[in-house]
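The next block holds one structure in the form of structure tokens; read it before the comments.
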Amino acid sequence: MTTPVMGIQLYTLRDHIQNKQDFDATLSRLSAMGVDTVQISGIGDIPAENQKEVLDKNHMKVCVTHKGLDRMEQDLPGLIREHKIIGCDALGLGSMPGEARENEEALRAFIDKTAKIGKILRDNGMTFNYHNHDFEFRKLPGSDKTIMDLLLEETDPELFHFIPDVAWIHYGGYDPVEILTKMKGRVKVIHFKDYIINEAGERKFTSLGTGKVDLKACYDAACRLDMPYIMYEQDCDWTGGDPFKATEESWAFMQTLTK
């Protein structure tokens, strides 16, 4: 049994990490809340050395990042160097390109591409990690398989890891605990996100613990499956339009999960 480390996916606060000064102020605010682990995503053009300086100043660790596939293909050595500087061994991809979702052949081409990236990362003491949305739970055109079926079945567990997003799994029509169980041994970081369906039938993200996802069940599964990190993420629809307020509310809820 693992007790997951809780933290914050900085994409939630992306408008407040676009330069070194704001990055420092944001991490300082999170540190005052008791946060000591973050995921870096949506950050501005801040050199890795400056990121490291701010991280160390605020006693923060980085468990994973999100970077673009183009950069992975064109400058993987540079990404590896930057990750070594900030002390992070997990490189994440936030989503696959649209063309990879068109059919099984296109998806397999994407899988082959990520395998090459994954091998280089493995040789450098790192892992490739893929973050899902809801579209991975739809059947591919002309197939009885979903994208997630093939990602689970046809990727090498040593080269392709997952960043499961429990709200997107739920919204995609699946039980997050069931999917987490299928990913056992391939997950370092889980994204905790929540959502509601409003009176107009629209999906709206919401602070953790106020929506449709059974986050306690997800937390218990993470413990049972030895998944070491849980990061809060909320793309938009923040309480009062304030991502810090939503983060504070969600962080307070996360603390209740351990009791």
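From Cα pairs below 8 angstrom and at least 6 apart in sequence, can you work out the relative contact order of the range 172-259, rounded to a whole percent? Spell out each step's value before the answer.
Numbers: 112 pairs, mean separation 27.7, N = 88.
Reported as a whole number, the value is 31 percent.
I'd like the Karplus ³J(HN,Hα) series for the range 24-41: coefficients 6.51, -1.76, 1.60, θ = phi - 60°, whole numbers in Hz, and an x wherever there's a Gly or Pro.
5, 5, 5, 5, 4, 5, 5, 4, 5, 7, x, 7, 10, 9, 9, 9, 9, 7
Collect residues whose amide H, placed 1.01 Å from N in the peptide plane, falls under 5 Å from the amide H of TYR174; neighbours closer than 5 in sequence don't count.
HN-HN under 5 Å from TYR174: empty list.
For the range 135-202, take N as its residue count and report Rg(C-alpha) divided by 2.2 N^0.38 Å. Working shown, then result.
Numbers: Rg = 13.3 Å, N = 68, 2.2 N^0.38 = 10.9 Å.
This ratio for the range 135-202 stands at 1.22.
Using the Cα centre of the range 59-131 as the reference point, and only Cβ charges (+1 on K/R, -1 on D/E), how large is the resulting charge dipole? Debye, rounded to the nearest 20.
360 debye
Taking H as built 1.01 Å from N, whose amide H comes closer than 5 Å to the amide H of ILE163, not counting residues under 5 places away?
The list, which skips near neighbours in sequence, is TYR130, HIS131, ASN132.
Restricting to Cα pairs below 8 Å that are 6+ residues apart, what does the relative contact order work out to for the chain? Please round to a whole percent. Provide the component values of the computation, followed by the final result.
Details: 480 pairs, mean separation 51.3, N = 259.
So the answer I get is 20 percent.
Could you sort out which of LYS84/LYS259; LYS67/LYS188; LYS84/LYS188; LYS57/LYS216; LYS84/LYS182; LYS182/LYS245 sit more than 27 Å apart by Cα distance in this structure? Mind showing how you got there, number by number?
Working: LYS84/LYS259 35 Å; LYS67/LYS188 17 Å; LYS84/LYS188 17 Å; LYS57/LYS216 33 Å; LYS84/LYS182 30 Å; LYS182/LYS245 34 Å.
Distance filter (> 27 Å) returns LYS84/LYS259; LYS57/LYS216; LYS84/LYS182; LYS182/LYS245.
Relative contact order (percent) for the range 5-122, with alpha-carbon contacts under 8 angstrom and 6 or more residues of separation?
22 percent
Would you compute, from DSSP H runs of 4+ residues alone, the mean residue ellipticity of the chain at 222 nm, taking -39500 (n - 2.57) per run and dividing by the full residue count, rounded to the nearest 500? Could the numbers behind the result be given before it?
Numbers: 10 runs with 106 residues, N = 259.
That calculation yields -12000 deg cm²/dmol at 222 nm.
How are the Cα pair distances of the range 1-143 distributed, in percent, across 10 Å bins from 0?
Here the calculated profile for the range 1-143 is 11, 38, 31, 17, 4, 0.
Please find, in a Gaussian network model of the chain (springs between Cα atoms separated by less than 10 Å), the residue of PHE137, PHE162, PHE192 whose mean-square fluctuation is greatest.
Judging by the Gaussian network model, the answer is PHE137.
Going by Cα centres, the range 134-155 and the range 68-98 are how many Å apart?
Their Cα centres are 24 Å away from one another.
Dividing the Cα convex hull volume of the range 120-259 by residue count, how many Å³ per residue is that? Provide the component values of the computation, followed by the final result.
Details: hull volume 18.5 nm³, N = 140.
Enclosed volume per residue, from the Cα hull, is 132 Å³.
Considering only GLU153, GLU199, GLU53, give the residue with the highest GNM mean-square fluctuation for the chain, with springs between Cα atoms whenever their separation is below 10 Å.
Residue with maximal mean-square fluctuation among GLU153, GLU199, GLU53: GLU199.
Using the Karplus curve 6.51 cos²θ - 1.76 cosθ + 1.60 with θ = phi - 60°, what ³J(HN,Hα) values do you get for each residue of the range 2-18, in whole Hz, with x for Gly and Pro?
With coefficients 6.51, -1.76 and 1.60, one gets 10, 9, x, 7, 8, x, 10, 7, 6, 4, 4, 10, 4, 5, 10, 9, 8 Hz.
Return the sequence-ordered ³J(HN,Hα) values of the range 63-68 in whole Hz as given by the Karplus equation 6.51 cos²θ - 1.76 cosθ + 1.60 applied to θ = phi - 60°, using x for Gly and Pro.
These are the phi-based 3J(HN,Hα) values: 8, 6, 10, 10, 9, x Hz.
In whole Å, what is the distance between the alpha-carbon centres of the range 208-259 and the range 160-193?
14 Å
Compute the FRET efficiency between ASP214 and SER95 as 1/(1 + (r/R0)^6), taking r as their Cβ-Cβ distance and R0 = 22 Å, and round to the nearest 0.05.
Numbers: r = 24 Å, r/R0 = 1.11.
Once rounded, the FRET efficiency stands at 0.35.
Which far-off residues, 5 or more places away or on another chain, put their amide H under 5 Å from the one on GLY211, with H placed in the peptide plane?
TYR195
Under a point spin-label approximation (7 Å from Cα along Cα-to-Cβ), what is the LYS139-GLU73 distance to one decimal in nm?
According to this spin-label approximation, the distance is 3.0 nm.
Every read-out reported here was derived from the displayed coordinates using simple, explicitly stated rules and does not represent laboratory data. A quick note: this is a predicted structure, and the numbers were derived from the prediction, not measured. Ideal geometry is used to build each Cβ from the backbone, glycine not excepted, and the neighbour counts take in all protein chains shown.
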